[in-house]
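The values are calculated or read from the model by the stated rules, or taken from the named source; none is laboratory data. Owing to the predicted nature of the structure, the values given are computational and were not obtained by experimental measurement. Glycine gets a Cβ as well: all are built from the backbone with ideal geometry, and neighbour counts include every protein chain shown.
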Amino acid sequence: MKKRTNKIFEIAAKKAIEMSKNSHFDSAKKILEKTGLPVPVIERVLYEPHNVRKTDFN
């Protein structure tokens with residue numbers, strides 16, 4: 001898997017992951033939508049945590 005190269009997406013994904021862990025799914029989804037991420041990516045990040053990139057937490 002390629003390393004994430006867009007810092008805005010990286011920051012948004014990390015923040016959204018943390019928010020979703022604390023059951024703030026709506027706010028997390030809104031953050032990701034504002035960055036322009038496609039819906040399938042948003043769903044993968046928020047609803048399938050086993051698919052989150054290992055590099056998201058390095």
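Figures for the structure shown
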| item | result |
| --- | --- |
| Those residues of the range 33-48 which are part of a helix (DSSP H, G or I) and not acidic (Asp, Glu), in sequence order | Lys34, Thr35, Val39, Pro40, Val41, Ile42, Arg44, Val45, Leu46, Tyr47 |
| Matching residues, the range 33-58, being at pLDDT 85 or above and polar (S, T, N, Q) | Thr35 |
| Residue count for the range 8-20, restricted to those that are in contact (Cβ under 8 Å) with a residue 12 or more places away in the chain and farther than 16 Å from Glu43 by Cβ | 4 |
| Selection count, the range 22-46, where residues are hydroxyl-bearing (Ser, Thr, Tyr) and touching a residue at least 12 places away in the same chain (Cβ under 8 Å) | 1 |
| Scan of the range 21-32 for residues that are modelled with pLDDT under 85 and part of a helix (DSSP H, G or I), ordered by number | Lys21 |
